[in-house]
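Peer 1: Got a structure here, written out as structure tokens. Questions coming.
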Amino acid sequence: MQHIIDRFIKYITIDTQSDPENEAFPSTEKQWDLAKVLVEDLKNIGLHNVTLDDNCYIMATLPSNVAHKVPTIGFISHIDTSPDYSGTNVNPQIHKNYDGKDIVLNQEENIILSPDYFDDLLQYKGQTLITTDGSTLLGADDKAGITEIITAMEYLIQHPEINHGEIRIGFTPDEEVGKGAHLFDVDKFGAEWAYTMDGSQIGELEYENFNAAGAKVVITGKIVHPGYAKGKMINSMLIASEFIAALPKDEVPERTEGYEGFYHLHTLNGEVEKTELGYIIRDHDMELFNKRKAVFQKVADDLNSKLGKDLVHVEITDQYYNMKEKVVPVMHIVDIAEEAMKAVGVTPLIKAIRGGTDGSQLSYKGLPCPNIFAGGHNFHGRYEYVPAESMQKAVEVIVKIAEITATRELNK
Ligand SMILES: [Zn+2]
């Protein structure tokens with residue numbers, strides 16, 4: 001276990017925060033710092049074909065050790081950490097044999113990781129928790145995934161008695177700014193399917209995510225001296241409030257869960273002459289997703305006809321789609337992961353992601369790619385933590401997936 005903890009700490013103490021404002025690729029130069037270390041580590045454990053391309057994507061190969069033909073599979077994680085919270089000078093704290101009580105992250109500032117608030121902590125009593133010191137995020141998202149993949153590959157190399165086919169691994173930059181899959185070369189990767197190791201708590205296995213669109217509403221008004229405005233002024237902000245009120249009130253993020261979709265107003269900028277609203281539209285079901293977009297457009301159309309002028313302009317752009325459509329035809333890839341978890345004593349928690357993953361974009365690029373737990377909790381903030389035991393189990397799951405994929409071909 002110490003080995004996996006040491007490796008994890010080595011990676012999280014290298015700052016790799018990405019930047020949504022920067023159009024460059026990768027979005028921050030510092031992602032190269034970890035990329036270069038990873039390339040060395042992959043070579044040192046004995047992987048073949050280790051490459052780092054101009055866009056900061058790493059790929060490597062563990063060659064097959066069996067004579068029969070086995071599909072090439074892949075494991076993927078991301079190098080960057082969230083722009084939401086600082087990843088500079090991460091100072092990890094290790095809490096062995098967690099007693100189920102409050103963990104003081106920072107005494108001076110009274111920053112406490114408490115099971116009263118984060119009750120997930122209680123399932124890890126007796127385990128080794130790795131936390132922050134309260135001043136940064138931890139970076140288990142997704143350096144836990146990177147650590148697990150490398151440790152699993154190392155294990156397979158050291159245990160040649162375990163049968164496996166060719167395994168490809170991929171580490172991407174800029175996942176947290178939604179671009180991790182953008183320049184991922186699926187042909188070069190050459191796997192039949194892959195798994196992102198980027199889920200949260202132990203057992204998570206996900207192959208459904210939202211269908212997603214972004215919508216911009218621009219409302220045009222007319223400014224006139226308020227004292228002499230009767231019949232002349234058009235206040236775009238008041239039209240905007242009608243627009244907002246016309247959408248279903250309960251279909252918002254704070255009132256939905258599970259498979260319930262929503263409209264989410266995330267920005268509002270207005271003056272009399274012009275108001276802009278920024279929305280995201282989400283639904284797991286493609287039919288309902290399309291219906292939502294139609295409803296959104298209709299609210300604008302109805303307002304325009306009521307106003308007798310085209311003042312409300314809507315622009316909807318699809319962002320990503322539910323990977324389920326691409327995974328269900330190859331459902332054995334989920335079954336293998338589920339079987340692997342059970343074989344190593346992990347209870348699979350199969351649920352739909354209320355968001356997207358790099359895997360959904362990769363699935364649409366031809367690489368079906370469910371998501372597996374990396375083990376961390378409370379991503380993107382100072383309360384982030386990961387139990388070392390969960391990372392260890394993720395390593396075992398990866399090894400088992402490789403083994404099942406190889407033996408399954410023999411039993412066909
Ligand atoms: Zn992640």
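Each reported figure results from applying straightforward, stated rules to the coordinates on display, with no laboratory input. Keep in mind the model is a prediction, meaning the values are calculated, not measured. Methodologically, a virtual Cβ is constructed for each residue, glycine included, from the backbone with ideal geometry; neighbour enumeration extends over all protein chains shown.
Peer 1: Would you mind computing, in nm to one decimal, how far apart the modelled labels at ASP53 and ALA245 are, each placed 7 Å from Cα along Cα→Cβ?
Peer 2: A separation of 5.2 nm, rounded to one decimal place.
Peer 1: If you don't mind, there's one more thing I want to ask. Bins of 10 Å, beginning at zero and ending with the bin holding the largest distance: percent of Cα pairs per bin for the chain, please.
Peer 2: Once binned at 10 Å, the Cα pair distances of the chain give 5, 20, 27, 23, 14, 7, 3, 1, 0.
Peer 1: Based on the Cβ-Cβ distance of LYS101 and ILE223, what FRET efficiency does E = 1/(1 + (r/R0)^6) give at R0 = 60 Å, to the nearest 0.05?
Peer 2: So, using R0 = 60 Å, E works out to roughly 0.50.
Peer 1: Expressed as a whole number of Å, what is the distance separating the alpha-carbon centroids of the stretch 1-55 and the stretch 230-267?
Peer 2: 42 Å
Peer 1: Go ahead and collect, in residue order, the members of the stretch 199-218 whose backbone nitrogen is under 20 Å from a label point 7 Å along the Cα-Cβ direction of ASP302.
Peer 2: 215-218
Peer 1: Under a point-charge model restricted to the Cβ atoms of Lys and Arg (+1) and Asp and Glu (-1), what is the dipole moment magnitude of the stretch 140-185 relative to its Cα centre, in debye to the nearest 20?
Peer 2: 80 debye
Peer 1: Would you mind listing how long the stretch 298-388 runs along its three principal axes, going by Cα atoms, in whole Å with the largest first?
Peer 2: On the principal axes, the stretch 298-388 reaches 65, 39, 20 Å in Cα extent.
Peer 1: Among ASP102, ASP174, which comes first, second and so on when ranked by fewest other beta-carbon atoms within 10 Å?
Peer 2: Ranking ASP102, ASP174 by Cβ neighbours within 10 Å, fewest first, gives ASP102, ASP174.
Peer 1: Of ILE130, MET1, ILE234, which is farthest towards the positive pole of the chain's charge dipole, taken about the Cα centre with +1 and -1 on the beta-carbons of Lys, Arg and Asp, Glu respectively?
Peer 2: ILE234
Peer 1: Kirkwood hydrodynamic radius (Cα pairs, Å) of the stretch 91-229?
Peer 2: Radius from the Kirkwood sum: 20.1 Å.
Peer 1: Only loop residues by DSSP count here, and only those with at most 11 other Cβ atoms within 10 Å; note down the trypsin sites (Lys or Arg not before Pro) in the stretch 1-84 that meet that.
Peer 2: LYS69
Peer 1: Right, something else. Could you check the simple spin-label distance between HIS68 and ASN89, using points 7 Å along Cα→Cβ, in nm with one decimal?
Peer 2: For the pair HIS68/ASN89, the computed spacing is 5.7 nm.
Peer 1: Here's another thing I want to ask about it. Report Rg (one decimal) and Dmax (nearest whole number) for the stretch 128-191, counting Cα atoms only, units Å.
Peer 2: Both quantities, over Cα of the stretch 128-191: 15.5, 44 Å.
Peer 1: Determine, for GLU166, GLU396, the number of other Cβ atoms within 10 Å of each Cβ, and report the residues in order from fewest to most.
Peer 2: GLU396, GLU166
Peer 1: Go ahead and estimate [θ] at 222 nm for the chain from helices alone: -39,500 (n - 2.57) per DSSP H run with n ≥ 4, summed, over the residue count, rounded to 500.
Peer 2: Computed ellipticity for the chain at 222 nm equals -10000 deg cm²/dmol.
Peer 1: Ok, one more. What length, rounded to one decimal in nm, is gained on full extension from ASP6 through to GLU273, with 0.36 nm per residue of separation minus their alpha-carbon distance?
Peer 2: Taking 0.36 nm per residue and subtracting the Cα distance, the gain is 90.3 nm.
Peer 1: Turning to a different aspect of this structure: If I stretch the segment between GLU287 and ASP318 completely, what's the gain in nm (0.36 nm per residue apart, minus their alpha carbon distance), one decimal?
Peer 2: 9.8 nm
Peer 1: Where a ≥ b ≥ c are the square roots of the eigenvalues of the C-alpha gyration tensor, would you call the stretch 175-242 rounded, which needs a/c under 1.5, or, failing that, prolate if a/b is larger than b/c, or oblate?
Peer 2: prolate
Peer 1: What is the ratio of the Cα radius of gyration of the stretch 211-320 to 2.2 N^0.38 Å, where N is its residue count, to two decimals?
Peer 2: For the stretch 211-320, the normalised Cα radius of gyration comes out at 1.15.
Peer 1: At R0 = 22 Å, how high is the FRET efficiency between GLU409 and HIS159 if r is their beta carbon distance? Nearest 0.05 is fine.
Peer 2: Once rounded, the FRET efficiency stands at 0.65.
Peer 1: Let me ask you something else. Shape call for the stretch 79-123 from the C-alpha gyration tensor, a ≥ b ≥ c root eigenvalues: rounded (a/c under 1.5), prolate (a/b greater than b/c) or oblate?
Peer 2: Taking the square roots of the gyration eigenvalues as a ≥ b ≥ c, the stretch 79-123 is prolate.
Peer 1: Using 0.36 nm per residue, how much length does the chain from HIS332 to ASP185 gain when fully extended, once their Cα-Cα distance is taken away?
Peer 2: Extra length available between HIS332 and ASP185 comes to 50.5 nm.
Peer 1: P(r) tail for the stretch 1-153, what percent of Cα pairs lie past 23 Å?
Peer 2: 47 percent
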